[in-house]
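Engineer: Starting off with a structure, shown below.
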Amino acid sequence: MAWSIWRVGILGGILTTLAGTACHAQSPELRRGDPLPRELREMYERGLEYLARIQSEDGSWPGSQKGPGPTGLAVLCLLASGEDPNFGLYSGHIARGLHNLILHQDATTGYFGGSMYHHGFALLALAEAYGAVDDRHLWTTMDDPLRRREIGQALELGVRMALTSQNENSHGAWRYGPGSDDADTSAAGAVLVGLLAARNAGIEVPDAAIDRAIAYYVGMTATSGQVAYSGTLGGFDESMARIAIATLVYSIARRKDLPQYHQSLKYLTDRLSGGSSGHGGVEYQRYYQAQALYQGDFTAWKNWNAELIRQLRLIQQPDGSFQGAYGPEVTTSLSLLSLAVNYRFLPIYER
């Protein structure tokens, strides 16, 4: 199943800043949390070893689905481990991954290419690396100086591209391509989370742009808490992935005052086990569900997370990978990121 499928809709429901520019620290008890279970630490480390081992020389990750999106997700896994991103065990892998993202960005438009899913996950990776990774680690004298950009420059350029795409969209959101006039809650979620992370990192993202995107989600959320896929109103069904996406963007956009937020969160917490992932797949569902529950209901997340650890421990392969519909490379990244909330090192995971 090629990564290009993201552009035609079969994976439309898959892979898929906070108000103000200041980063808000978590309270000490939430940052520290409970001691990490040994099985979690061992499982995460095996997964990282797998991702590090298979990284290509150009900094990307191989597989049937590849490009800026999967590269961004893998970089996020490495950043989330808590290792020093400049001198730690995976610092070289992080630098090569970011280097690859920047070199694949269109220097004129800011588009990372492939689809808006790719663009959103690349934005998120750069936003989480911004201020943490030393740009000097990304470049060598062999690189074309005309293609060099610092992380902050690439992030700003990517943000401007996403905002331009939104301005041209009658729904105020995003779909597969930057010029699409329709929208869906899955692709829009990837881009919006990237924008919110960039805003949290101090990049200028207008309030009006966030408000317009949130208004799109409000219109796509039913009183039941279910979230439609595309179009305008209607088409509500149970997709735990889309419901989790909506819950998450309401949370990190600081719109927990909205009734739609409480409706979607209740749907998630009432169904901590079971529920249909929709056509995005269970790995995609877990990726967003972990973040949405952690942001919305810490007790519910702890219960759900304990079962997640048990399930993933049973299916992790001897080489550290996880198998799934997206291939072991992307499936491993999504699975690790659903566990990464336990570490709470990424700024996007702050409450």
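Derivation of every value follows stated rules applied to the coordinates shown; laboratory data play no part. Everything numeric in this text was worked out from a predicted model, so none of it was measured. Cβ coordinates were reconstructed from backbone atoms using ideal geometry, including for glycine residues, and neighbour counts include every protein chain displayed.
Engineer: Using helices alone, I'd like the mean residue ellipticity at 222 nm for the chain: each DSSP H run of four-plus residues gives -39500 (n - 2.57), total over residue count, nearest 500.
Structural biologist: -16500 deg cm²/dmol
Engineer: Using R₀ = 22 Å, calculate the FRET efficiency as 1/(1 + (r/R₀)^6) where r is the Cβ-Cβ separation of GLN153 and ASN86; round to 0.05.
Structural biologist: 0.75
Engineer: LYS302: which lysines have alpha carbons under 18 Å from its alpha carbon, excluding same-chain residues fewer than 8 sequence positions away?
Structural biologist: Cα-Cα hits under 18 Å: LYS266.
Engineer: Quick one: if you stick a label point 7 Å off each Cα along the C-beta vector at PHE298 and GLU39, how many nm between them?
Structural biologist: So the two model labels end up 2.5 nm from each other.
Engineer: At 7 Å along the Cα-to-beta-carbon direction for both SER276 and SER56, put a label point, then send me their distance in nm to one decimal.
Structural biologist: Result: 3.6 nm between the two label points.
Engineer: Which shape class applies to the chain: rounded if a/c is under 1.5, otherwise prolate when a/b exceeds b/c and oblate if not, where a ≥ b ≥ c are the square roots of the Cα gyration tensor eigenvalues? If you can, show how the numbers build up before the last one.
Structural biologist: Details: a/c = 1.40, a/b = 1.10, b/c = 1.27.
Note, shape of the chain comes out rounded.
Engineer: Now for a separate question. Using the count of nearby Cβ atoms within 10 Å as a rough guide to exposure, how do THR223, THR164 rank from fewest to most?
Structural biologist: Ranking THR223, THR164 by Cβ neighbours within 10 Å, fewest first, gives THR223, THR164.
Engineer: How much length is gained on full extension from THR108 to GLU49, taking 0.36 nm per residue of separation minus their Cα-Cα distance? Mind dumping the intermediate values first?
Structural biologist: On the way: separation 59, 0.36 × 59 = 21.24 nm, distance 3.57 nm.
Gain on stretching THR108 to GLU49: 17.7 nm.
Engineer: Please report VAL159, VAL330 as a ranked list, fewest other C-beta atoms within 10 angstrom at the top and most at the bottom.
Structural biologist: Going from sparsest to densest Cβ surroundings: VAL159, VAL330.
Engineer: What chymotrypsin sites (Phe, Trp or Tyr not before Pro) does the stretch 32-99 have in DSSP loop regions with at most 12 other beta carbons within 10 Å?
Structural biologist: Answer by residue number: PHE87.
Engineer: Also, quick follow-up: Could you tell me whether the stretch 170-274 comes out rounded, prolate or oblate from its Cα gyration tensor? Rule is a ≥ b ≥ c as square roots of the eigenvalues, rounded for a/c under 1.5, then prolate if a/b exceeds b/c, otherwise oblate.
Structural biologist: Numbers: a/c = 1.84, a/b = 1.30, b/c = 1.42.
Because a/c hits 1.5 or more and a/b fails to exceed b/c, the stretch 170-274 counts as oblate.
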